[in-house]
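Participant: Structure in structure tokens, see below.
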Amino acid sequence: FGPCQVKGVVLSELWKAFWAVKNTVQAQDNITSIRLLKPEVLPNISDAESCFVAHALLKFYLNVVFKNYYNKRVEFKILKSLSTLANNFILIISKLQPSQENEMFAIKESAHRRFLLFQRAFKQLDIEAALAKAFGEMDILLTWMEKFYHQL
Amino acid sequence: NGVAVLPAPQNLSVHSTNMKHLLTWSPVILPGEMTFYSVEYQGEYESLYTSHVWIPSSSCSPTNGSECDITDDITATVPYNLRVRTTRDSQTSAWSTLEHPFNRNSTVLMPPRMEVTKDGFHLVLELEDLGPQFEFLVVYWRREPGAKEHAKVVRRGGIPVHLETMDAGAAYCVKAQALVKTIGRHSAFSQAKCVEVQGESLPL
């Protein structure tokens with residue numbers, strides 16, 4: 001992710017985990033007119049900004065989306081996928097060290113505005129609907145993450 | 001009410017080689033019917049964010065052996081807690097938990113098995129298929145004083161790879177090591193295997 005290097009993650013494992021539950025999860029998302037990861041949130045992000053955006057989004061998924069899903073009585077198959085995604089997100093976040101230098105302030109602010117767009121859209125929905133939509137949009141997030149994934 | 005009547009399994013340990021992870025424990029010997037075990041795991045996320053959540057192992061909940069292949073359960077390079085309990089009818093033992101969390105980056109990496117053959121004048125190599133997380137560094141050379149080594153990265157085992165077109169009468173040798181990018185480690189090189197265009201495979 002731009003200046004942030006992440007190693008030790010097999011994106012195909014994340015895709016495999018998501019594909020296993022994609023239909024189940026996306027079927028729970030009844031509000032098709034709204035998208036959390038809007039075009040203004042992810043596309044056209046500079047490399048420098050991507051580290052900040054990735055860090056904010058993944059942290060949100062860990063603290064809010066996954067956590068709430070774990071507390072629901074989800075079926076075994078979803079729990080396994082959640083575990084794979086959550087534990088890899090923890091690994092990624094532990095490697096993402098967004099720069100805290102002053103000249104990065106503007107980039108950091110821009111990234112934060114993008115994240116707020118996502119978070120605001122999430123909060124405008126009922127929590128159950130928001131969780132289903134956020135989890136269902138995992139393919140948008142993984143596709144975006146894949147752009148920064150280089151086969152070393 | 002069937003709680004903690006049975007003895008719990010002891011001596012849990014994980015044996016991991018080439019990213020295949022096997023959890024083992026000492027069997028619980030009880031008279032009469034067969035004893036079963038249930039295995040559960042918890043990744044770093046679960047232990048940090050939802051410590052009450054344990055996930056049944058894909059292949060061993062239940063099982064009647066005293067080992068469990070947890071490879072498909074360990075899907076991130078983070079520490080995993082593992083626990084086992086004995087079950088029989090409605091009775092269950094207490095959980096026994098692995099003393100130290102297991103991280104797949106501690107797996108023992110062994111050199112890959114390989115077949116070196118010749119197809120006419122073509123030097124052909126087939127490496128052991130160790131799964132999608134493995135790549136291989138292959139080094140080959142013509143066996144003569146001062147010979148230059150050639151290196152090649154092979155992305156996947158289990159398929160023949162053409163290395164070199166050989167000269168008549170010359171002998172060529174090959175060695176390989178396994179690479180796992182997920183954990184940033186590699187095995188030692190295998191023992192070299194040589195073939196001669198007219199001769200059979202000559203072990204060193």
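Participant: Out of all the residues in region B:1-24, which are closer than 23 Å to B:Ile183 by Cα, assigned to a loop (DSSP other than H, G, I, E, B) and of a type in the set (Val, Ile, Thr)?
Facilitator: Within region B:1-24, none qualify.
Participant: Let me ask another. Residues being surrounded by fewer than 20 Cβ atoms within 10 Å (Cβ to Cβ) and over 18 Å from A:Ala56 (Cα atoms): count how many of those fall in region A:110-135.
Facilitator: Residues in region A:110-135 being surrounded by fewer than 20 Cβ atoms within 10 Å (Cβ to Cβ) and over 18 Å from A:Ala56 (Cα atoms): 6 in total.
Participant: Look through region B:89-106, keep the residues that are surrounded by 18 or more Cβ atoms within 10 Å (Cβ to Cβ) and away from chain A (no Cβ under 14 Å), and return whichever of them is farthest from B:Leu30 (Cα to Cα).
Facilitator: Selected residue: B:Ser96.
Participant: Answer yes or no: is there a residue in region A:102-110 that is among the hydrophobic types (A, V, I, L, M, F, W, C), assigned to a helix (DSSP H, G or I), within 14 Å of chain B (Cβ to nearest Cβ) and more than 17 Å from the chain's Cα centre (by Cα).
Facilitator: No, there is no match, as no residue in region A:102-110 is among the hydrophobic types (A, V, I, L, M, F, W, C), assigned to a helix (DSSP H, G or I), within 14 Å of chain B (Cβ to nearest Cβ) and more than 17 Å from the chain's Cα centre (by Cα).
Participant: When you scan region A:46-59, do you find a residue that is without any contact (Cβ under 8 Å) to a residue 12 or more places away in the chain, of a type outside the set (Ser, Thr, Tyr) and either within 27 Å of B:Pro79 (Cβ to Cβ) or out of contact with any helix residue (DSSP H, G or I) (no Cβ under 6 Å at 6 or more places or on another chain) (or both), even just one?
Facilitator: No, region A:46-59 has no match at all.
Participant: Okay, moving on. Are any residues in region B:123-165 among the polar types (S, T, N, Q) and in a strand (DSSP E or B), and if so, which ones?
Facilitator: Of everything in region B:123-165, just one residue is among the polar types (S, T, N, Q) and in a strand (DSSP E or B), namely B:Thr165.
Participant: Spot the failing condition for A:Val74; the list is (1) free of Cβ contacts under 8 Å to residues at least 40 places away in the same chain; (2) within 14 Å of chain B (Cβ to nearest Cβ); (3) part of a helix (DSSP H, G or I), and only one is missed.
Facilitator: Unmet condition: (3).
Participant: Given the structure, is B:Thr77 surrounded by 16 or more Cβ atoms within 10 Å (Cβ to Cβ), in contact (Cβ under 8 Å) with a residue 60 or more places away in the chain and part of a loop (DSSP other than H, G, I, E, B)?
Facilitator: Answer is yes for this residue.
Participant: Closer than 30 Å to B:Glu44 by Cβ, buried (at least 17 other Cβ atoms within 10 Å of the Cβ) and not polar (S, T, N, Q), is that true of B:Leu130?
Facilitator: On the way: closer than 30 Å to B:Glu44 by Cβ: yes; buried (at least 17 other Cβ atoms within 10 Å of the Cβ): yes; not polar (S, T, N, Q): yes.
Yes, satisfied.
Participant: Just need a number here: residues in region A:1-42 that are more than 25 Å from B:Ile183 (Cα to Cα) and in contact (Cβ under 8 Å) with a residue 24 or more places away in the chain.
Facilitator: Residues meeting the conditions: 17.
Participant: Considering only residues that are more than 15 Å from B:Thr63 (Cβ to Cβ) and among the hydroxyl-bearing types (Ser, Thr, Tyr), look in region B:84-106 and name the one that is modelled with the lowest pLDDT.
Facilitator: That would be B:Ser90.
Participant: Mind listing whichever residues of region B:178-199 are within 14 Å of chain A (Cβ to nearest Cβ) and assigned to a loop (DSSP other than H, G, I, E, B)?
Facilitator: The answer is B:Lys181, B:Thr182, B:Ile183, B:Gly184.
Participant: Ok, one more. Those residues that are hydroxyl-bearing (Ser, Thr, Tyr), within 14 Å of chain A (Cβ to nearest Cβ) and assigned to a loop (DSSP other than H, G, I, E, B), I need them from region B:25-69; list them, please.
Facilitator: Selection gives B:Thr50, B:Ser51, B:Ser57, B:Ser58, B:Ser59, B:Ser61.
Participant: So, one more: Of all residues in region A:1-48 being out of contact with any Ser or Thr (no Cβ under 6 Å at 6 or more places or on another chain) and among the charged types (D, E, K, R), which is nearest to the other protein chains (Cβ to nearest Cβ)?
Facilitator: A:Lys7
Participant: Right, here's the next one. Output the residue which, of all residues in region B:107-153 that are free of Cβ contacts under 8 Å to residues at least 40 places away in the same chain and within 14 Å of chain A (Cβ to nearest Cβ), is nearest to B:Tyr80 (Cα to Cα).
Facilitator: Here the answer is B:Pro132.
Participant: Separate question: Looking at A:Leu116, A:Leu125, A:Leu79, A:Leu58, which is the one that is more than 11 Å from the chain's Cα centre (by Cα) and either at pLDDT below 90 or closer than 19 Å to A:Leu14 by Cα (or both)?
Facilitator: After ruling out the rest, the residue left standing is A:Leu79.
The values are calculated or read from the model by the stated rules, or taken from the named source; none is laboratory data. Predicted model only: the values in this text are computed from it and were never measured. Don't worry about glycine lacking a Cβ; one is built from the backbone with ideal geometry, like all the others, and counts go over all protein chains shown.
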